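Visitor: Please see the structure below; I have some questions.
The values are calculated or read from the model by the stated rules, or taken from the named source; none is laboratory data. Keep in mind it's a predicted model, so treat the numbers as computed, not measured. All Cβ positions, even for glycine, are placed from backbone atoms using ideal geometry, and neighbour counts span all protein chains on display. Just the protein is used for accessible areas: all its heavy atoms, side chains included, with ligands, DNA and RNA removed. Shrake-Rupley method; radii C 1.70, N 1.55, O 1.52, S 1.80 Å.
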Amino acid sequence: MTTYTDTLVIGAGAAGLFAALRAAEHGSVTVLEAGADAGNPLPDWALYDYALPEDYYHRYLDLDTGQVMPQGRGLGGGSTVNSAAALRGQPWCYDSWGVAGWGWADVLPALKAIESDQQYAGRAYHGDAGLIPVTRLAPGPLDEAVFGWCRTAGYPGIEDHNAPGALGHAMWTTNRRDGGRWGTWAGVVPAARAAGVAIRPDTTAVRLVFDGTRCTGAEVTATGTAGPGPSRGEATEVIRAGRVIVCAGAYGSPELLLRSGIGPEPVLAALGITPVSVLAGVGANVQDHPWCLLNVDVTDAALIEGRPVSGALLRYELADPDAEHVEAEIFPWQLRPYDRASPPTRVAFTAALMAPRSRGTFTLTPAGRELRTGLLADGADAAHMVSIVRETAALIDDLAKDGLVTVPDGAWWQIADDAALAVACRRVAGTYNHHSGTCRLGDPGDERTVVAPDLTVLGTAGLTVADSSVLPVIPRANTNLISMAIGYRAGSGL
Ligand SMILES: Cc1cc2nc3c(=O)[nH]c(=O)nc-3n(C[C@H](O)[C@H](O)[C@H](O)COP(=O)(O)OP(=O)(O)OC[C@H]3O[C@@H](n4cnc5c(N)ncnc54)[C@H](O)[C@@H]3O)c2cc1C
């Protein structure tokens, strides 16, 4: 069977649904989603739960750490399974890319357009009419105690973490309505349907179709018949399209390009795939924010129960003679919403490095996917993590002194020697779930570049990639809002 649409969007996640909505202003749009549509109105779990049914995740094994890395699957993609932290990053994140059309002044209009800020809509840098409500929750007792320590330690109080250049302590900015996570499934799907977008859940793009180097559509199949890895089963339908926007996420997008003949020559040769465009950068440049969790117990569950996540957040910069704006985050969250077996008092104090230098790789081999995240591989990253962990431990010790938390004997971070603590940090480091960079945006003359500043895949026509995979350097922020903004820009032709 063959059908035609003016714009085919592959992946209905954070970026894809905004891309589809915007593209509908210019013609017919079909958006494919490998995962499910669990209904309208959304089930409560889609808004309030943090451990979703297994079908709502893609799982990727990180060969570096042995950890399994989740990615969202189903309408909304990562924005449906995430914790609704809504940070934009700093102006210097975007300006330092040096990519024409992607500086802070270029990206800000899209960040404003997607949001409806609930407290500061009147500010020049905020939007008041977007589909994603961004708010700050009322602090609970533990948040107030964290703010108290921040003041004593000399960190400034701020009102809005999304104000350009803001550093200091305040409540998290979070995309919620009535306390529930409000991602693109909740926020954009109704508008996309009203605009005439054809949304096709349970449908996987197997490979892209080309006429020479012009992308003319995709071969697709019902998701249940698509296996993992390079072959992905047989296509049952071809969707022809005037243009194709790939929004399949940090690993879904490079995987689809590789299966379609776009990638490093040796990888395509090993897969036996005829090249359409040889691009060394596909799957390279994997980035994520590493975090280390310092788990303690509050002495009274009431300290955290009213506000288990999206609470206090401290952001500050570390001194580094070789790099500017080495940003760190420290924040607490309750483990129980993510792990029902966890005691109601268990709180993870998170030490996160927001400007990592480490890079990883993602590729396909005839045997399947190979992911190496490279978390904390760079020595400077490990040294910075030691510093952030020590600061987090100082906060915890102060809370313990005040009788608010108890610290386990022999906790992993209680190591005096910096080199030994760096080893421990590498052992416990995990993902902040901000995978990105695998189809990097940049100067077409740079051999690492996959997509040009207009998001066109180099060496092709009619094909763009627009999602977290195009981020050339990960911003100092959670990646949901910027992924939405990238989709928004792509759908409207930038
Ligand atoms: C557990 C978790 C927690 C997170 N917490 C936060 C947070 O609190 N705040 C924040 O800002 N960010 C968070 N993130 C990150 C954020 O959600 C992602 O960066 C963002 O969703 C990326 O958007 P995207 O459009 O690139 O990809 P996604 O949102 O992942 O969307 C990609 C979509 O494409 C689909 N797809 C893939 N391959 C195909 C194919 N071949 N055919 C059809 N469909 C396909 C996938 O099923 C998926 O739905 C979290 C992520 C995870 C996984």
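Visitor: Give the stretch 151-186 a look and list any residue that's open to solvent by 40 Å² or more (accessible area, probe 1.4 Å), outside any loop (DSSP other than H, G, I, E, B) and within 30 Å of Arg73 (Cβ to Cβ), or say none.
Guide: Answer for the stretch 151-186, where residues must be open to solvent by 40 Å² or more (accessible area, probe 1.4 Å), outside any loop (DSSP other than H, G, I, E, B) and within 30 Å of Arg73 (Cβ to Cβ): just Arg177.
Visitor: Same structure again: Please go through the stretch 180-196 and pick out each residue that is within 15 Å of the ligand (Cβ to nearest atom) and touching a Leu at 6+ places or on another chain (Cβ under 8 Å). Steps first, answer last, please.
Guide: Initially, the stretch 180-196 is screened for residues within 15 Å of the ligand (Cβ to nearest atom), giving 180-189, 192.
Across the stretch 180-196, the qualifying residues are Gly180, Arg181, Trp182, Thr184, Trp185, Ala186, Gly187, Val188, Val189, Ala192.
Visitor: Another one. Consider the stretch 112-143. How many of its residues are open to solvent by less than 40 Å² (accessible area, probe 1.4 Å) and aliphatic (A, V, I, L, M)?
Guide: Selection size over the stretch 112-143: 6.
Visitor: Given the structure, is Pro444 open to solvent by 10 Å² or more (accessible area, probe 1.4 Å), within 24 Å of Ser260 (Cβ to Cβ) and free of Cβ contacts under 8 Å to residues at least 24 places away in the same chain?
Guide: For Pro444, the condition - open to solvent by 10 Å² or more (accessible area, probe 1.4 Å), within 24 Å of Ser260 (Cβ to Cβ) and free of Cβ contacts under 8 Å to residues at least 24 places away in the same chain - is met.
Visitor: Answer yes or no: is there a residue in the stretch 14-22 that is outside any loop (DSSP other than H, G, I, E, B), away from the ligand (no atom under 13 Å from the Cβ) and aromatic (Phe, Trp, Tyr).
Guide: No: zero hits.
Yes or no, residue by residue, for (1) in the same structural domain as Leu8 (by TED's automatic domain parsing); (2) of a type in the set (Gly, Ala, Ser); (3) within 14 Å of the ligand (Cβ to nearest atom); (4) in contact (Cβ under 8 Å) with a residue 60 or more places away in the chain:
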| site | (1), (2), (3), (4) |
| --- | --- |
| Glu25 | yes, no, no, yes |
| Val31 | yes, no, yes, yes |
| Leu42 | yes, no, no, yes |
| Leu61 | yes, no, no, yes |
| Met69 | yes, no, yes, yes |
| Gly76 | yes, yes, yes, yes |
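Visitor: Name the pairs whose Cβ atoms lie under 7 Å apart, with the first residue in the stretch 372-400 and closer than 14 Å to Glu329 by Cα, the second surrounded by 19 or more Cβ atoms within 10 Å (Cβ to Cβ) and aromatic (Phe, Trp, Tyr), and 6 or more positions between them or separate chains?
Guide: Val389/Trp413; Thr392/Phe349; Ala393/Trp413; Leu395/Trp149; Leu395/Phe349
Visitor: Name, by its number, the condition in (1) among the polar types (S, T, N, Q); (2) open to solvent by 40 Å² or more (accessible area, probe 1.4 Å); (3) near the ligand (Cβ under 10 Å from one of its atoms) that does not hold for Thr213.
Guide: Tallying (1) among the polar types (S, T, N, Q); (2) open to solvent by 40 Å² or more (accessible area, probe 1.4 Å); (3) near the ligand (Cβ under 10 Å from one of its atoms), Thr213 fails exactly one: (3).
Visitor: Given (1) under 30 Å from Asp378 (Cβ atoms); (2) polar (S, T, N, Q); (3) touching a Ser or Thr at 6+ places or on another chain (Cβ under 6 Å), identify the lone condition not met by Gln71.
Guide: Tallying (1) under 30 Å from Asp378 (Cβ atoms); (2) polar (S, T, N, Q); (3) touching a Ser or Thr at 6+ places or on another chain (Cβ under 6 Å), Gln71 fails exactly one: (3).
Visitor: Still on this structure: Of (1) open to solvent by 10 Å² or more (accessible area, probe 1.4 Å); (2) touching a residue at least 12 places away in the same chain (Cβ under 8 Å); (3) more than 12 Å from the ligand (Cβ to nearest atom), Val146 satisfies all except one. Which?
Guide: Among (1) open to solvent by 10 Å² or more (accessible area, probe 1.4 Å); (2) touching a residue at least 12 places away in the same chain (Cβ under 8 Å); (3) more than 12 Å from the ligand (Cβ to nearest atom), Val146 violates only (1).
Visitor: Looking at the stretch 447-477, which of its residues are within 12 Å of the chain's Cα centre (by Cα) and open to solvent by 10 Å² or more (accessible area, probe 1.4 Å)? Reasoning before the result, please.
Guide: First, the residues of the stretch 447-477 that are within 12 Å of the chain's Cα centre (by Cα): 467-471, 474-477.
Within the stretch 447-477, Ser468, Arg476 qualify.
Quick grid of which residues meet (1) within 23 Å of His434 (Cβ to Cβ); (2) surrounded by 20 or more Cβ atoms within 10 Å (Cβ to Cβ):
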| position | (1), (2) |
| --- | --- |
| Gly242 | no, no |
| Val246 | yes, yes |
| Pro254 | yes, yes |
| Pro264 | no, no |
| Ile273 | no, no |
| Val276 | no, yes |
| Trp291 | yes, yes |
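Visitor: Next question. Failed condition for Arg123, given (1) in contact (Cβ under 8 Å) with a residue 24 or more places away in the chain; (2) charged (D, E, K, R); (3) under 24 Å from Trp333 (Cβ atoms), with all others met?
Guide: With respect to (1) in contact (Cβ under 8 Å) with a residue 24 or more places away in the chain; (2) charged (D, E, K, R); (3) under 24 Å from Trp333 (Cβ atoms), Arg123 is out only on (3).
Visitor: Report, ordered by the first and then the second residue, all pairs with beta carbons closer than 6 Å, sequence separation of six or more or different chains, a first member in the stretch 241-270 that is within 19 Å of Tyr60 (Cβ to Cβ), and a second member that is open to solvent by 10 Å² or more (accessible area, probe 1.4 Å) and part of a helix (DSSP H, G or I).
Guide: If the second residue must be open to solvent by 10 Å² or more (accessible area, probe 1.4 Å) and part of a helix (DSSP H, G or I), the pairs left are Ala250/Ser468.
Visitor: Let me ask something additional. Here is a check on your reading of the model: is Val282 in contact with a helix residue (DSSP H, G or I) (Cβ under 8 Å, 6 or more places away or on another chain), buried (at least 20 other Cβ atoms within 10 Å of the Cβ) and not assigned by TED's automatic domain parsing to the domain that holds Lys401? Reasoning before the result, please.
Guide: On the way: in contact with a helix residue (DSSP H, G or I) (Cβ under 8 Å, 6 or more places away or on another chain): yes; buried (at least 20 other Cβ atoms within 10 Å of the Cβ): yes; not assigned by TED's automatic domain parsing to the domain that holds Lys401: yes.
Taking the combined requirement at face value, the residue satisfies it.
Visitor: Further question on the same structure: Checking Arg259 against (1) surrounded by fewer than 24 Cβ atoms within 10 Å (Cβ to Cβ); (2) under 26 Å from the mean Cα position of the chain (by Cα); (3) outside the structural domain of Arg88 (by TED's automatic domain parsing); (4) not polar (S, T, N, Q): exactly one of these is not met. Which one?
Guide: For Arg259, the failing item is (3).
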